[in-house]
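The structure under discussion appears below in the form of structure tokens.
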Amino acid sequence: MSAHHHVEGQLPHEPERATMEGRNKILGFWIFLGAETVLFGTLFSAYLALRHNIGDGPAASEIFELSTTFIATMILLFSSLMSVFAVQAMHQHKVKAMIGWLIATVVLGLCFLGLEIFEFNAYVGEGHRMPTSAFSSSFYTLVGFHGAHVAFGVLWITLLILQILKKGLTVVTAPKIYVSAIYWHFIDVVWVFIFTVVYLMGKVG
Amino acid sequence: MDWLTTVDHKKIGILYLIAGALFFGVGGLEAILIRIQLIKPMNDFVGADTFNELITMHGTTMIFLAAMPMLFALMNAVIPLQIGARDVAFPFLNALGFWTFFFGGLLLNISWFAGNVPDAGWTSYVPLAGPTYASGHGVDYYVLGLQIAGIGTLLGGVNFMATIINMRAPGMSFMRMPMFTWTIFITSVMIVFAFPVLTVGLVALMFDRLFQANFFETASGGSAILWEHVFWVFGHPEVYILILPAFGVISEVVSTFSRKRLFGYSSMVFATVLIAFLGFMVWAHHMFTTGLGPVANALFSIATMLIAVPTGVKIFNWLFTLWGGSIRFTTSSLFAIGFIPTFVMGGVTGVMLAVAPADYQYHDSYFVVAHFHYVIVGGLVFGLFAGLHYWWPKMFGRMLNEKIGQVTFWTFFVGFHLTFFVQHFLGLLGMPRRVWTYLPDQGFDNMNFISTIGAFLMGIGTIAMIINVIVTSAKPRNALADPWEDGRSLEWTIPSPPPEYNFKQLPLVRGYDAWWKEKMEGKTEMTPAEPVGPIHMPSPSILPLVMSIGLFIAGFGFMYDKLIVTFVGMAITLGCMLLRSVFDDHGFHIEVEEQEKGVQA
Amino acid sequence: MSSNHSVTEGEARRHKVEGPRKHIVAFILSLALTLIAFATVASGEINTQFTYIILVGMALVQVFVQMAFWMHMKDRGHLFPIIAIISGVVVVFTMVIMALYWVWW
Amino acid sequence: MKRWRFAKRLLPLVAGMMLLLSGCGRADLSTLNPQGPVAQEQYNLMKLSIGIMALVVIVVFAICFYVLIRFRRRKGDKTIPKQVEGNHKLEIIWTVIPIILLLILGVPTINTVFGLAKDYSDDKNAIQVKVIGHQYWWEFEYPEYGITTAQELVVPTGKKIAFDVSSADVTHAFWIPAIGGKTDANVGVSNKMYLEFPNEGVFRGKCAELCGPSHALMDFKAKAVDQASFDRWVAAMKAPAQMPEDAELAKTFENMCLSCHAVGETNSGASAPNLTGVGSRQTIGGILYNDETPVEDNLKEWIKDPLAVKPGATMPTAEDLGLTDEQLDGIAKYLANYKLDY
Ligand code: HEA
Ligand code: HEA
Ligand SMILES: [Cu+2]
């Protein structure tokens, strides 16, 4: 009866875990995220230690434009949701829907990047550059590292969309989609902290 | 060519060994030059600048480019075999890790030829290593070289963590893993959580040096102490990353050559985990004199001392493994047995250093140099020698010559104690470390002379080992599968050296010391856990090498501010990543008939 | 055989129906938490110490929610991911404490 | 052959070392020969810890040797020893005993940490000294007296000396081994510590943090004198600067040297060591001993080519300054005779 569920070529419910390679990839990626946690944690520590050392430059509460970052936060949150939907679509083997969600994720990611570039640009206009003060250096490094992660994520997911279009959803491509989704959520989680610790707390003083 | 594209963990292990040995030679040569300079007061064998370059490169090379890769050599050579796997979880990443390490190390050492050598100590404290006081490119080599090599190490850590979690043979639960596998597992965990800290520190230093950032520039509100924190948050776990694998080697060697089960296996596991955990909580013991205040000093003192307890558990467990055993003295077991008292001497001076007020006296004196060479050379290097002699037949199919091995051990052992024992007293008598010379008549002269003599003996020991390797490589490959006859774990169940796929059939593990258990029940091989069948293998790839070359080129671009070069380098690396992502590696299969051939060859 | 069949079928169906809702709830929760944090700062009425506590609290809850639902950490078979992240967090925690400790005292 | 020669050379050396160790090193340098209460306290901790460590090492060595001798494998021995899993009683013993030993060590450690962290910077009875590390020399400022000296710290016996240690360029560390442990000289922040000098004498000080090529040569002296002598020294330091008698030479000295250095009250806050009374210091540059070579020669050697004495030093050579030999001799002579009576 159920034999047709397991015919050659039919994908299991969770295609990302179907092969040893897939399971390795997911586990390895989680471990990598553990390392990333420490990476961002160190950047946060440096930022926390230096954020009041503004030298001759502007202070956090003077330059931060909360409305922009709030919108950016919303965008990133929303794109995280899109990415969850993509994985769900994958589990249901709805390839078209999945690609749709992924495209939404990427587009929102690009919007976020655009906003961030716009924001940095404004700060630089106000004399807040990398060499301005210890605060500015640690700020740009922390937020810039996050931005670089977003940019990498956008490229990566775009590439995956192309691969899916070419090769379809298989036990080889599925783990990549799954892993990239986890990566995307992780970036979102980091941003939650950046928004809180850098922007909101910076505004409070 | 084969070697440039290999993704086979055994071959990568050998590559790590060759590169590590090469860098050990370089670091050792630097050590010899250091010791020659210090042989007598006011010596002018090398100048002050050169001396600082020598100690910096000696420390950096030895730790990152000699010790770490040789550990990775053993990890690669042994771990998949010990857990009954055909390869690591990510063979491609494994190759990539090796090549990035290698090119990072190369970049660092090219500094000798570029005439700009890092000279701020292996700890590169700012402001001395900052843009103002180290305006040449010396420290840039340190920053970029370590950054690139660090990527390789991090990849290795992720890889071995995943391998040990996911790739164990059927029946091998965590509490049945050999002790060496356990220590490598914990080491990998520590690598994963410690190296990103170094990455960030190096990024910050690089930004300061290349883009006028102000992390450590006190004039613009930066903090020099921040660097000390970041360095040691990484640096202290790093020293346990170095020693834990050695602990693992000793556990294996001691138990094999005393024909006894490892005493207190579960407490050993627990102690390893505890050491790793505490290892992350004690970094400020390198900063007692920095001025952190009495509360921090007191807390870090106590936390540091606590590490003595789990370490002691290990020491006594080894001693009681030997107790009641039937101890056979080979080069390998000599090094392991030499390790125990030597490491204890280094460990107890560590606890002395942990006494913060006394450390105000010891800190940055030769006492510290003595301490860490006792734990690093007397611990880690002895462990490496023990491990290399122990697993050599498994790696190369040939037994190392025992007679030359004994020469290696005795010259190295005696030379070691001669070199470093007196250094404790040099420190106590008031000799600071990192001094390129010293005035006569301060009570330092004789002991420095003794110390230098010892260093030469260690050099002779190392050369004996090299001769041994050369002599051995001319012999036929005739090592048995279980050449020490008392092997206990899975690597001794397969031919030496193992075929490409390691295990024709994955073994079924029925208990701790899997192979020993079968032997005791009179079996001559493991029970297979799967039928004979075609074996899937990953394809070799040149990409890891090319990617690392890309990073290497980008490193130069960063350093000399040539945007195009940076861009080309990064493009090569990213392009390779793209290729890797787009073209799936389907690998190939080794069919059953070929497997038969493989065994005969 | 047939029971096996119905299980998979049922599982798949549950995923279909329950899945999105769960994630939308997580999304709304995140949204709400962000808004609260934002409002706390924007209103500017509560004192600094207390604001910090609220902010960090909100962030932590939100991260927990997202990790559990979106990163599937509440699902089975995520023991090692949890260990990986928690160990990372422990390391980070000691560092952050140290950074703060040494700035304020 | 060669080996034997080594051994022959080594033997007396080893013997010599033993002698040396029993003497615990120079009294003005060794940490094992404490000359003040701070070093004494640290030495007490060192002795306690060495005692505990010796115990641990002896136990481990004893078990080790016993095992190695008792349980060696005889040739051809094929017996399989009993496979022991562990022994809870033993394992508890070697967990608990180290903990106890560490407690014995930990309690005095904490006490001393807090004891040595006492801050005397507001104490009226303590002498305040601001220590500033420079590449490669030490500046000592006495804010209460408004005087500044270099390379030779002068302190009265019997009083607490409260140090405020910082650096002008890179990290250094301020260390007088025989008197007490070191503290880092950081840039931008200062560290407090105190020392006491119960005995008169000159003690050797060292820089203990790598600070560049001449880190090894960044020595200084700490001279402890009695209170009366100290008062005379302060007075002499405050007296008007004594300039070269020869007007021409005075002019040269002023133009060439005082652009960086200072004597007396002139040019305070200078970027190079204060030269007041340099002739009566024990060393020139911290490392050229005046009791081995006459001060004047040392001064000449230094002024002629400071870089030859201390690689990386920032002082220009006589040639770069355009000093003639005559001027050099004159300045050296003048400085050699610039002595303080105290
Ligand atoms: C492999 C490397 C390694 C290892 C294993 C260790 C192990 C230890 N180290 Fe070491 N250490 C270094 C490498 C290492 N260290 C290096 C490289 C530096 C200098 C870096 C630099 O500045 O360049 C350094 C410096 C260093 C310092 C800073 C000194 C200074 O700069 O002022 C301190 C201070 O606390 C310290 C302490 C310890 C302690 C307590 C241990 C403990 O883990 C030791 C534990 C072991 C034992 C104690 C022995 C066995 C135990 C028993 C037999 C039980 C009974 C024992 C007792 C009750 C005491 N180390
Ligand atoms: C893994 C780490 C490691 C190892 C193995 C060693 C090994 C040795 N070290 Fe090292 N050392 C450090 C890590 C290490 N060291 C560190 C981190 C520092 C601090 C640096 C700093 O202050 O920043 C230091 C500092 C240091 C100093 C103090 C310098 C100073 O403060 O001024 C001294 C001085 O004696 C010294 C000596 C030695 C000696 C004699 C050896 C010997 O054991 C070496 C023996 C080996 C050989 C002699 C090799 C011989 C072989 C050949 C010559 C053949 C050539 C072969 C080929 C090319 C294949 N070391
Ligand atoms: Cu340490």
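The values are calculated or read from the model by the stated rules, or taken from the named source; none is laboratory data. Note that the coordinates shown come from a computational prediction; the quantities given were computed from them, not determined experimentally. As a convention, Cβ positions derive from the backbone with ideal geometry for all residues, glycine included, and neighbour counts pool all protein chains shown. Protein only, heavy atoms only, side chains kept; ligands, DNA and RNA dropped before computing areas. Shrake-Rupley method; radii C 1.70, N 1.55, O 1.52, S 1.80 Å.
Listing for the model above:
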read-out	value
Test: residue in the range B:273-290 that is facing chain D (nearest Cβ under 7 Å) and either out of contact with any strand residue (DSSP E or B) (no Cβ under 7 Å at 6 or more places or on another chain) or within 16 Å of ligand 1 (Cβ to nearest atom) (or both)	yes
Number of the condition not met by B:GLU596 [criteria: (1) open to solvent by 20 Å² or more (accessible area, probe 1.4 Å); (2) within 29 Å of the chain's Cα centre (by Cα); (3) within 24 Å of B:LYS11 (Cβ to Cβ)]	(2)
Residue within the range B:470-483 that is closer than 30 Å to B:HIS417 by Cβ and of a type in the set (A, V, I, L, M) present	yes
Residues (without any contact (Cβ under 8 Å) to a residue 24 or more places away in the chain and not β-branched (Val, Ile, Thr)) located in the range B:11-55	B:LYS11, B:LEU22, B:LEU29, B:LEU33, B:PHE45
Yes/no for D:LEU68 being more than 27 Å from B:ILE275 (Cα to Cα) and either in the same structural domain as D:LYS192 (by TED's automatic domain parsing) or outside any loop (DSSP other than H, G, I, E, B) (or both)	yes
Test: residue in the range A:106-115 that is under 26 Å from A:ALA46 (Cβ atoms), within 14 Å of chain B (Cβ to nearest Cβ), modelled with pLDDT of 90 or more and open to solvent by 10 Å² or more (accessible area, probe 1.4 Å)	no
Conditions (1) within 20 Å of D:LEU217 (Cα to Cα); (2) within 16 Å of ligand 1 (Cβ to nearest atom); number of the one not met by B:GLY47	(2)
Hey, B:LYS10 under 29 Å from B:LEU543 (Cα atoms), open to solvent by 20 Å² or more (accessible area, probe 1.4 Å) and touching an Asp or Glu at 6+ places or on another chain (Cβ under 9 Å) or not	yes
Positions within the range A:33-81 being open to solvent by 10 Å² or more (accessible area, probe 1.4 Å), β-branched (Val, Ile, Thr) and under 22 Å from B:VAL200 (Cα atoms), in sequence order	A:THR37, A:ILE54
Pairs with Cβ under 9 Å, 6+ apart, first in the range A:188-202 and within 15 Å of A:LEU76 (Cα to Cα), second acidic (Asp, Glu)	A:VAL190/A:GLU36
The range B:223-258: number of residues that are away from ligand 3 (no atom under 16 Å from the Cβ), open to solvent by 10 Å² or more (accessible area, probe 1.4 Å) and not aliphatic (A, V, I, L, M)	2
Sole residue being in contact with a His (Cβ under 8 Å, 6 or more places away or on another chain), within 16 Å of ligand 3 (Cβ to nearest atom) and over 20 Å from B:SER251 (Cβ atoms), chosen from B:PHE420, B:PHE367, B:PHE372	B:PHE367
1 or more residues farther than 22 Å from C:LEU60 by Cβ and in contact with a helix residue (DSSP H, G or I) (Cβ under 9 Å, 6 or more places away or on another chain): qualifying helices (runs of 4 or more DSSP H) within the range A:107-205	A:134-167, A:173-193
Of the criteria (1) farther than 28 Å from D:GLU200 by Cα; (2) in the same structural domain as D:PHE140 (by TED's automatic domain parsing), which one D:ALA308 fails	(2)
Helices (runs of 4 or more DSSP H) enclosed by the range B:322-414 - at least 3 residues per element that are surrounded by fewer than 24 Cβ atoms within 10 Å (Cβ to Cβ) and within 16 Å of ligand 1 (Cβ to nearest atom)	B:331-354, B:366-375
Residues satisfying the stated conditions in the range B:15-67, i.e. part of a helix (DSSP H, G or I) and of a type in the set (S, T, N, Q)	B:GLN37, B:THR50, B:ASN52, B:THR56, B:THR60, B:THR61
Breaking point among (1) part of a helix (DSSP H, G or I); (2) free of Cβ contacts under 8 Å to residues at least 12 places away in the same chain, for D:SER259	(1)
Lone unmet requirement of (1) touching a Lys or Arg at 6+ places or on another chain (Cβ under 6 Å); (2) over 30 Å from B:ILE79 (Cβ atoms) for B:GLY397	(2)
Residue check for B:PHE263: within 15 Å of ligand 3 (Cβ to nearest atom) and open to solvent by less than 20 Å² (accessible area, probe 1.4 Å)	no
Pairs, first facing chain B (nearest Cβ under 8 Å) and of a type in the set (S, T, N, Q) in the range D:62-85, second in a loop (DSSP other than H, G, I, E, B) and surrounded by fewer than 12 Cβ atoms within 10 Å (Cβ to Cβ), C-beta under 9 Å, six or more apart	none
Residue list for the range D:108-124, filter: farther than 30 Å from D:ILE52 by Cα and open to solvent by less than 60 Å² (accessible area, probe 1.4 Å)	D:TYR120, D:SER121, D:ASP123
Residue within the range B:295-306 that is within 16 Å of ligand 3 (Cβ to nearest atom) and in contact with a strand residue (DSSP E or B) (Cβ under 6 Å, 6 or more places away or on another chain) present	no
Of residues in the range B:416-437 being open to solvent by 10 Å² or more (accessible area, probe 1.4 Å) and within 15 Å of D:GLY205 (Cα to Cα), the one nearest to the other protein chains (Cβ to nearest Cβ)	B:LEU428
Among residues of the range B:271-292, those that are part of a helix (DSSP H, G or I), aliphatic (A, V, I, L, M) and either near ligand 3 (Cβ under 10 Å from one of its atoms) or free of Cβ contacts under 8 Å to residues at least 12 places away in the same chain (or both), counted	1
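Matching residues to (1) assigned to a helix (DSSP H, G or I); (2) within 12 Å of chain A (Cβ to nearest Cβ); (3) surrounded by fewer than 24 Cβ atoms within 10 Å (Cβ to Cβ):
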site	(1), (2), (3)
B:TYR142	yes, no, no
B:LEU146	yes, no, no
B:ILE151	yes, yes, yes
B:PHE160	yes, yes, no
B:ILE164	yes, yes, no
B:PRO170	no, no, yes
B:PHE180	yes, no, no
B:THR183	yes, no, no
B:THR187	yes, no, no
